[in-house]
Amino acid sequence: MKCIRIVGTGSYVPERVLTNRDLEKMIDTTDEWIVQRTGIRERRIADPDEDTSDLAKGAALKALEAAGMSAADIDLIIVATITPDMCCPSAANWLQAKLDAKNAVSFDITAACTGFIFGLSAAQQYLETGLYSNALVVGSEVMGRTVNWKDRASCILWGDAAGAVVLEKSTRGAEILSTHIHSDGLSGTNLLLPGGGSSTTPISQTSVEEGLHYLKLIGPNKTFKVAVKQFAKSCEEAASFNGYDISDIDLVIPHQANLRIIKAFAERLKISKEKVFVNIDRYGNSSAASIPLALDQAVRSERIGAGDKIILVGFGGGLTWGSCFVLWH
Ligand SMILES: CC(C)(COP(=O)(O)OP(=O)(O)OC[C@H]1O[C@@H](n2cnc3c(N)ncnc32)[C@H](O)[C@@H]1OP(=O)(O)O)[C@@H](O)C(=O)NCCC(=O)NCCS
């Protein structure tokens, strides 16, 4: 049946590895504390000459290759990111130029760690209406350049990466059965990058001196609890919308925020650990890149088989959360 399908996945991570032991030399922390509280052992950090659109290009080329397509075939490019190369033009426009995707229209989506799910949902609508016949959806982040490397409470969490999928309205590939997206702007100040916008803190010497250009976690404990609840509710929403029980799901691919968050929501839903994809130990939290990176690794390592029912699920700043239910081919 002709429907919206994933016809190729790809991912890219920078070569440089920053381990917890490296962090021990930079801040007052220990490998033991980071592993115990987050599950993270190491993360990737982009080279100074690598921008978000460069990481996105690496992932996009692999997704295009897997789809058997060239950049010129693409109608729509969406990049989910909170670390675009610059405010204007968008990271998606940089990517379009770098791929030489002459026939595509391109734009960014800002929904923090849920950005990739929001991107999938937006692309799904364009493909459903028939306006476009395919889309390249990318999550790409250079988090390392928004992080205050002196703030031990937050810098340990983040990593740089990119992941991509090619969507097509066709009869080949994995079927997207649903996407659900949600926002709670009233609680949006929990994860904040205050400086550099047009609000009360445009870039100035003072804003930089006060470190307002750094990503801040406000009350991380509170976010932790909300995250567990919304991850669980999103999985339930995706399963029940498609007429399934959580026990029918073959693999959940969650945003990699914190191993304890992942374990807590899986426990709440009685999902066994074999059915939850985890790579946070190697990549940390790469925000919008985390779900497509994990999806691509699950595909290429054959963790996903024909007929598998998969839920991609995210939660992040904004606040934002949501899911995508995929029936694998
Ligand atoms: C950030 C997070 C890992 C902290 O873990 P936690 O168990 O809540 O830890 P706490 O913040 O309660 O801190 C416990 C103690 O460790 C200390 N600590 C904080 N960071 C530390 C570090 N890197 N190394 C060592 N000690 C650290 C704190 O100062 C605190 O000490 P105190 O008890 O003497 O005050 C966790 O709350 C989390 O992942 N929250 C969600 C993060 C988020 O919002 N992600 C984005 C959305 S997806």
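Bear in mind these aren't lab numbers, they're just calculated from the coordinates by the rules spelled out. Note that the coordinates shown come from a computational prediction; the quantities given were computed from them, not determined experimentally. Please note: Cβ atoms are built from the backbone with ideal geometry, for glycine as well, and neighbour counts cover all protein chains shown.
For segment 39-73, the residues whose amide N sits under 19 Å from a probe point set 7 Å from the Cα of residue 21 along the beta carbon direction are 39-45. Setting aside same-chain residues fewer than 8 positions from residue 98, which aspartates and glutamates have a Cα under 12 Å from its Cα? Within the straight-line cut-off, residue 98 pairs with 51, 54. When the listed pairs 150/222; 169/233; 169/270; 222/263; 62/169 are checked against a 26 Å cut-off, the alpha-carbon distance exceeds it for 169/233; 169/270. In sequence order, segment 86-102 has phi-based couplings of 7, 5, 8, x, 5, 4, 5, 5, 4, 5, 4, 5, 5, 8, 6, 8, 4 Hz under the Karplus curve 6.51 cos²θ - 1.76 cosθ + 1.60, θ = phi - 60°, and Gly or Pro positions carry x. Of the GluC sites (Glu not before Pro) in segment 223-329, the ones in a loop by DSSP (not H, G, I, E or B) with at most 14 other beta carbons within 10 Å are 302.
In order along segment 271-288, the Karplus-derived 3J(HN,Hα) couplings, from 6.51 cos²θ - 1.76 cosθ + 1.60 at θ = phi - 60°, round to 9, 6, 5, 5, 9, 10, 7, 10, 9, 4, 4, 9, 10, x, 9, 9, 6, 4 Hz, and Gly and Pro are given as x. Residues whose amide H comes within less than 5 Å of that of residue 214, counting only those at least five positions distant or on another chain, are 195 (H built at 1.01 Å from N in the peptide plane). What shape does segment 180-241 have by the C-alpha gyration tensor, where a ≥ b ≥ c are the square roots of the eigenvalues, rounded means a/c under 1.5, and otherwise prolate means a/b greater than b/c and oblate the rest? Prolate.
Calculate the tail of P(r) for segment 74-155: the fraction of all Cα-Cα distances greater than 21 Å, expressed in %.
On the way: 1091 of 3321 pairs.
Here the tail beyond 21 Å accounts for 33 percent of pairs.
Would you mind classifying the chain by shape? Square roots of the alpha carbon gyration tensor eigenvalues, ordered a ≥ b ≥ c; an a/c under 1.5 is rounded, otherwise it is prolate if a/b is larger than b/c and oblate if not. Since a/c reaches 1.5 but b/c is at least a/b, the shape of the chain is classed as oblate. The loop-placed trypsin sites (Lys or Arg not before Pro) in segment 106-185, going by DSSP, that have at most 13 neighbouring Cβ atoms within 10 Å of their Cβ come out as 150, 172. With a cut-off of 11 Å on the backbone N, the residues of segment 218-258 near the modelled label site 7 Å out from residue 153 along Cα-Cβ are 218-222. Measure up 25/216; 2/309; 229/273; 216/273 against 25 Å on the Cα-Cα distance and list the ones that go over. Beyond 25 Å: 216/273.
Scan the chain and report its longest stretch carrying no chymotrypsin sites (Phe, Trp or Tyr not before Pro) that are both in a DSSP loop and have at most 15 other Cβ atoms within 10 Å.
Values: sites that count: 149, 244.
After excluding every exposed loop site, the longest remaining stretch is 1-148.
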